[in-house]
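Trainee: Dumping the structure here so I can ask a few things about it.
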Amino acid sequence: MIWETTDITRDNGEPAAASAPVIVSASRATDIPAFYADWFFGRLRAGYSAWINPFNGKRTYVSYCKTRLIVFWSKNPEPLLDCLPQLDERHIHSYIQFTLNDYEREELEPGVPALSRRMDVFRRLADRLGNSRVIWRFDPLILSDRTGVTDLLEKISAIGDRLKGYTEKLVFSFADIAAYRGVKARLSGTRGGWREFDEAEMRLFASELAALNRSWGFELSTCGERIDLSPFGIGRNRCIDDELMIRLFPQDETLMRFLGWPERYRSASASRPNPNRDKGQREWCGCIRSKDIGAYGTCRHGCLYCYAARRSGRPGRCGLRSEGYRPEALQDVLPGRSIKTIM
């Protein structure tokens with residue numbers, strides 16, 4: 001990923017070169033809004049943060065001097081409510097990918113607050129930002145001996161009825177479990193176990209979800225899925241979404257210039273690859289380029305299905321070591337700083 005570079009002065013007074021992304025992802029790797037909002041906004045005020053490559057341990061720096069938009073990812077973004085004015089002061093745009101699942105009976109998300117509280121946070125954020133900037137994700141969809149397709153649809157129906165008018169979009173994916181040994185081990189140890197969706201179940205789910213959606217009017221999309229569900233009115237999502245940015249923030253000349261709007265889109269065709277596509281993501285991911293600033297192994301939700309979770313799957317205890325301390329990188333928040341990336 002190549003971004004413009006700029007010079008920064010680190011907290012210790014040393015000079016350093018930093019990338020200066022226009023779009024920041026916070027974060028696919030961990031839940032920054034839930035656990036590290038204080039850290040993030042402290043680093044935003046400092047003007048930069050550090051990012052440590054999880055594969056080679058190399059430390060690089062990210063400057064926020066050119067940042068125009070932040071995409072937040074969270075299961076519990078309640079701490080953002082008090083922090084959003086800081087983005088307004090800096091004229092930085094944002095929207096939120098809000099994962100709102102109901103696995104309370106299955107106990108798959110031991111570290112998240114009660115569903116009722118999370119739905120309340122969702123509605124409060126939508127009231128604050130608008131329903132186009134808070135995107136509902138039921139992600140991933142997990143089958144087990146205790147939870148079938150019908151059960152998942154009932155869970156989604158109950159949440160969807162309460163979110164009608166508070167969001168424009170529902171994004172979902174089918175859990176990929178077999179590829180991750182740690183995830184298989186954790187889910188095999190639950191009372192319901194696990195199994196993968198087959199194609200017939202995927203299409204059944206899509207058909208029934210489309211029927212439910214007649215009363216909601218959400219845009220329905222899959223995330224990173226190979227299967228084509230367009231016959232059911234379900235598209236393929238771009239979570240880091242240039243089309244949404246153009247619709248919401250057309251007055252931001254810097255952001256539009258980065259996206260190539262309108263010149264690049266006038267000449268684009270459906271068969272031509274998106275030149276802004278993030279080539280570092282999965283094959284069927286439609287996201288455009290962004291710089292993710294998170295770190296694997298720092299999330300405290302303890303979700304049993306997460307490929308980046310702690311090996312035990314229990315909620316972690318990592319946190320800021322002292323009041324007012326804002327380390328450069330999220331890994332520096334952890335006492336040991338040794339992060340295992342993929343379980």
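Trainee: Which pairs do you get when a residue that is farther than 16 Å from Thr9 by Cβ, found in segment 38-53, comes within reach of a residue that is among the polar types (S, T, N, Q) and crowded, with 21+ Cβ neighbours inside 10 Å, reach meaning Cβ atoms under 8 angstrom, with the pair 6+ apart or on two chains?
Mentor: Phe40/Ser49; Ile52/Gln331
Trainee: Something else about it: Identify, by number, the condition in (1) more than 21 Å from Tyr36 (Cα to Cα); (2) modelled with pLDDT under 85; (3) out of contact with any helix residue (DSSP H, G or I) (no Cβ under 9 Å at 6 or more places or on another chain) that Pro275 doesn't meet.
Mentor: With (1) more than 21 Å from Tyr36 (Cα to Cα); (2) modelled with pLDDT under 85; (3) out of contact with any helix residue (DSSP H, G or I) (no Cβ under 9 Å at 6 or more places or on another chain) applied to Pro275, the lone miss is (3).
Trainee: A further question follows. Among the residues of segment 244-266, count how many are under 22 Å from Gly130 (Cα atoms), in contact with a helix residue (DSSP H, G or I) (Cβ under 9 Å, 6 or more places away or on another chain) and not β-branched (Val, Ile, Thr).
Mentor: Kept after step one, since they are under 22 Å from Gly130 (Cα atoms), are these residues of segment 244-266: 244-253, 255-256.
Within this subset, residues satisfying the condition of being in contact with a helix residue (DSSP H, G or I) (Cβ under 9 Å, 6 or more places away or on another chain) are 245-246, 249-250, 252, 255-256.
Still in the list and also not β-branched (Val, Ile, Thr): 245, 249-250, 252, 255-256.
Final tally of qualifying residues: 6.
Trainee: Could you please give the count of residues in segment 240-260 that are part of a helix (DSSP H, G or I), in contact (Cβ under 8 Å) with a residue 40 or more places away in the chain and among the aliphatic types (A, V, I, L, M)? I'd like the intermediate steps shown before the answer.
Mentor: Initially, segment 240-260 is screened for residues part of a helix (DSSP H, G or I), giving 242-248, 253-259.
Next, from what is left, pick out any that are in contact (Cβ under 8 Å) with a residue 40 or more places away in the chain: 242, 244-245, 247-248, 254-255, 258.
Checking which are among the aliphatic types (A, V, I, L, M) leaves us with 244-245, 248, 255.
Residues in segment 240-260 being part of a helix (DSSP H, G or I), in contact (Cβ under 8 Å) with a residue 40 or more places away in the chain and among the aliphatic types (A, V, I, L, M): 4 in total.
Trainee: Looking at segment 181-202, I want the residues that are closer than 30 Å to Gly233 by Cα and have a partner that is of a type in the set (S, T, N, Q) and part of a helix (DSSP H, G or I) with Cβ atoms under 7 Å, at least 6 apart or on another chain. Which pairs are those?
Mentor: Close Cβ pairs (under 7 Å, with a partner that is of a type in the set (S, T, N, Q) and part of a helix (DSSP H, G or I)) amount to Trp194/Ser188.
Trainee: Quick one: Thr298 ticks every box in (1) modelled with pLDDT under 80; (2) β-branched (Val, Ile, Thr); (3) under 20 Å from the mean Cα position of the chain (by Cα); (4) surrounded by 15 or more Cβ atoms within 10 Å (Cβ to Cβ) except a single one, so which number is it?
Mentor: Result: Thr298 fails condition (1) only.
Trainee: Taking segment 275-300 on its own, how many of its residues are closer than 24 Å to Glu328 by Cβ, of a type in the set (S, T, N, Q) and touching an Asp or Glu at 6+ places or on another chain (Cβ under 8 Å)?
Mentor: The qualifying residues number 1.
Trainee: So in segment 99-130, with the set limited to residues that are in contact (Cβ under 8 Å) with a residue 60 or more places away in the chain and surrounded by 13 or more Cβ atoms within 10 Å (Cβ to Cβ), which one is nearest to Arg300 (Cα to Cα)? Write out each step before concluding.
Mentor: Quick first cut of segment 99-130, residues in contact (Cβ under 8 Å) with a residue 60 or more places away in the chain only: 100, 106-112.
With surrounded by 13 or more Cβ atoms within 10 Å (Cβ to Cβ) added as a condition, the list becomes 100, 106, 108-112.
Working: Leu100: 16, Glu106: 18, Leu108: 13, Glu109: 10, Pro110: 9, Gly111: 7, Val112: 9 Å.
So the residue we want is Gly111.
Trainee: Here's a follow-up. Pick from Ala175, Ala126, Ala179, Ala158: which is over 16 Å from Asp31 (Cα atoms), among the small types (Gly, Ala, Ser) and at pLDDT below 95? Show your work before the answer.
Mentor: Working: Ala175 fails: at pLDDT below 95; Ala126 fails: at pLDDT below 95; Ala158 fails: at pLDDT below 95.
Criteria check complete, one pass: Ala179.
Trainee: Listed residues Val183, Val134, Val171, Val149; which is buried (at least 18 other Cβ atoms within 10 Å of the Cβ), touching a helix residue (DSSP H, G or I) at 6+ places or on another chain (Cβ under 9 Å) and not aromatic (Phe, Trp, Tyr)?
Mentor: On the way: Val183 fails: touching a helix residue (DSSP H, G or I) at 6+ places or on another chain (Cβ under 9 Å); Val171 fails: touching a helix residue (DSSP H, G or I) at 6+ places or on another chain (Cβ under 9 Å); Val149 fails: buried (at least 18 other Cβ atoms within 10 Å of the Cβ).
From the options Val183, Val134, Val171, Val149, the qualifying one is Val134.
Trainee: So Tyr265 passes all but one of these: (1) aromatic (Phe, Trp, Tyr); (2) modelled with pLDDT of 85 or more; (3) more than 18 Å from the chain's Cα centre (by Cα). Which condition number does it fail?
Mentor: Here Tyr265 meets the rest and fails (2).
Trainee: Okay, moving on. Looking only at segment 69-98, which residues are surrounded by fewer than 21 Cβ atoms within 10 Å (Cβ to Cβ) and of a type in the set (D, E, K, R)?
Mentor: Selection gives Glu78, Asp82, Asp88, Glu89, Arg90.
The values are calculated or read from the model by the stated rules, or taken from the named source; none is laboratory data. These numbers were taken from a predicted model, which means no experiment stands behind them. Because the Cβ atoms are built from the backbone with ideal geometry, glycine has one as well, and the counts that use them run over all protein chains shown.
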